[in-house]
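Q: Below is the structure I would like to discuss, written out as structure tokens.
The values are calculated or read from the model by the stated rules, or taken from the named source; none is laboratory data. Model, not experiment: these values are computed from the prediction. All Cβ positions, glycine included, derive from the backbone under ideal geometry; neighbour counts span all protein chains shown. Please note that ligands, DNA and RNA were not included when accessible areas were found on the heavy atoms of the full protein model with its side chains. Shrake-Rupley method; radii C 1.70, N 1.55, O 1.52, S 1.80 Å.
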Amino acid sequence: MRDMMNDIDYAGMHEKLTQELRRGILVLATLSQLKGAKYGYALIEELSNQGLDIDQGTLYPLLRRLEDQGLLESEWNVEGSRPRRYYKLSPTGGKLLQVLTNDWQELVTVMDGLLIEGKE
Amino acid sequence: MELIDRYVREVGRHLPRKNRTDIQAELQSTLVDTLEARVDGEPSLDDEVELLREFGSPRTVAASYWPEGQYLIGPRLFPLFRMVVGIVMIVFVIVQLVLLGIAVVFNQEVLTFLSVLDILSEMVGSVFTAFSIVVIVFAILQRFDVRPETEQEWDPRDLPNIEETDTINRGGTVAEITFSLVLIAILLFLPDKIGVVISPGLEVILNPVIVSYIPVIILSIMLGIAVDVILLWRGRWETGTRLAKIGTNLFGIYVLYLLITSHNAWLAQEGAAGFLSFLGSISEDLFTNEKSTLIISMHAFRLAFIIALIVSVVDTIKRIYQLLKPLFIPPVTIPLPIENGKNDRK
């Protein structure tokens, strides 16, 4: 009985912490795919194909927030089967993407070091 | 697609005004895209239902479009809020008790059982009112993003000393026991000396009311002595002794209540109930007239008992608070603000 209790805790804890990790990388992941203009649904598909699953409920508000912050530009495109809102990096967004990518590489190096040390 | 239309409209009802139609249009087009990608050919009603279910309830979906971190009273303001609420509540209760005391002094009819209940419920009501006012004020502060000053001039040397709230005041307790014993002695052996002394003749004008209550008063004092003795023996406050002290306090409050009401009754009998009205009728033979002297002294006694009652009540409340504090106040957590270069703090 006690082990079962621990398992339930464990799964919940795992999910919570994984979510926190993912929340940290969402912005960078999104920016990285918007060098060319895309609309929301296509972006979700593409990220999913590359292994990152994002909830529609998370991505769309995120896109708007990034646009409000000046990192993305958007416009409606009425060609095609229905009107769609296309997003792409703004010049500021582009610069930030580069900087953040470097930050990310540094972080990865640091984390690798920490995690290997932990095993010792 | 009718379900999708209804869904999109409902989401729109809960969206922030800015960009509402735009968001709705995007949502509409996304939902249709998703539906088409999933279903070959004509989507059925069930397909729509399943899709919308997955997407989430309209309120939830709309909520994610609201700006982040919406608080009535946010984490920055909350510690200050807690402090202010605590202070306001305590001050309020004390003020109410004082007002009650004053009301009793000037109109002895106030202190009947039902009217006390009345007054208590009024007090509770106004405490709620005070609380909501503080909440509203802080909500407004939060709305206008007022920041409390925290990190600036803070000297570690100004930190308060570590308080041992469980330690007893040995000297004080011994003094209390001594004083109580003296009081009992007076009550037992000199009951005919309890009253007012007028200097010219060194005559004592007795307080007629106290005499009949001497047994209860002595009992109350003895209970207090018992608790004090136990306290000295145990060496520090514990739950048991705290409870005992609260109990004797409550008994003492009851005795004071009896004394006050009987003073009220006596004064009413003499037709001198209200303090103000009596003041108005004071004649020049103030201290030579035995009767009016007695009345004045009874008023004085009553006032003294009322003050003692208020002090006792406040002390009891304080002790109850100390008893319950460990149960309700969570351990203090110190938030660590981690700034890593993101300049979204204006």
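Q: Put A:74, B:121 in order of accessible area, largest first, 1.4 Å probe: what do you get?
A: Values: A:74 35, B:121 70 Å².
So, going from the largest accessible area down, we get B:121, A:74.
Q: What whole-number distance in Å separates the alpha-carbon centres of region A:37-78 and region B:49-86?
A: So the two Cα centres are separated by 22 Å.
Q: Here's a follow-up. Rounded to the nearest 10 Å², what accessible area does residue B:1 show when all protein chains are kept and the probe is 1.4 Å?
A: That residue has around 90 Å² of solvent-accessible surface.
Q: Still on this structure, I have one more. With a length cut of 15 Å (Cα positions projected on each helix's long axis) and a Kyte-Doolittle mean of at least 0.0, go through chain A and give me the DSSP H helices that pass. Please list the in-between numbers first.
A: Values: long enough: A:2-32 (45 Å, -0.25); A:56-68 (18 Å, -0.64); A:91-119 (42 Å, 0.11).
Helix filter hits for chain A: A:91-119.
Q: Report residue A:104's accessible area, 1.4 Å probe, all protein chains in place, as a number in Å² to the nearest 10.
A: Rounded to the nearest 10, that gives 110 Å².
Q: So for B:131, B:305, what's the accessible-area order with a 1.4 Å probe, most first? Provide the component values of the computation, followed by the final result.
A: Working: B:131 85, B:305 35 Å².
Largest accessible area first, the residues go B:131, B:305.
Q: If you don't mind, another one. Going by Cα centres, region B:225-272 and region B:115-156 are how many Å apart?
A: 32
Q: For chain A, how big is Rg over Rh, using alpha carbon atoms and the Kirkwood form of Rh?
A: Numbers: Rg = 18.3 Å, Rh = 16.7 Å.
In chain A, Rg relative to Rh is 1.10.
Q: What accessible area, summed over both chains, is buried at the B-A interface (1.4 Å probe, Å², nearest 100)? Kindly include the intermediate steps, with their values, before the conclusion.
A: Values: alone 23630 and 9100 Å², together 31200 Å².
Roughly 1500 Å².
Q: Using helices alone, I'd like the mean residue ellipticity at 222 nm for chain A: each DSSP H run of four-plus residues gives -39500 (n - 2.57), total over residue count, nearest 500.
A: -24000 deg cm²/dmol
Q: For region B:62-73, take each phi angle, set θ = phi - 60°, evaluate the Karplus expression 6.51 cos²θ - 1.76 cosθ + 1.60, and give the result in whole Hz per residue in order, putting x for glycine and proline.
A: With the stated coefficients, region B:62-73 comes to 5, 4, 5, 8, 6, x, 6, x, 8, 10, 5, 9 Hz.
Q: Can you pull the accessible area of residue B:88 for me, 1.4 Å probe, Å² to the nearest 10?
A: 40
Q: Additional query: Apply the Karplus parameterisation 6.51 cos²θ - 1.76 cosθ + 1.60, with θ equal to phi minus 60°, to every residue of region B:124-137 and state each ³J(HN,Hα) to the nearest whole Hz, in sequence, with x for glycine and proline.
A: Rounded to whole hertz, the list is 4, x, 6, 5, 4, 4, 4, 4, 5, 5, 4, 4, 5, 4.
Q: Quick one: which residues, 5+ away or cross-chain, put their amide H under 5 Å from the amide H of residue A:39? H built at 1.01 Å from N.
A: HN-HN under 5 Å from residue A:39: A:87.
Q: Please list the non-local residues whose amide H lies under 5 Å from the amide H of residue A:90, H modeled 1.01 Å from N, same-chain partners needing a gap of 5 or more.
A: Those qualifying (amide H under 5 Å, at least 5 residues apart or on another chain) are A:72, A:73.
Q: Still on this structure: What number comes out for the charge environment of residue B:176, summing +1 per Lys or Arg and -1 per Asp or Glu over other residues with Cβ under 13 Å away? Please list the in-between numbers first.
A: Details: positive: B:170, B:245; negative: B:228, B:315.
Here the count lands on 0.
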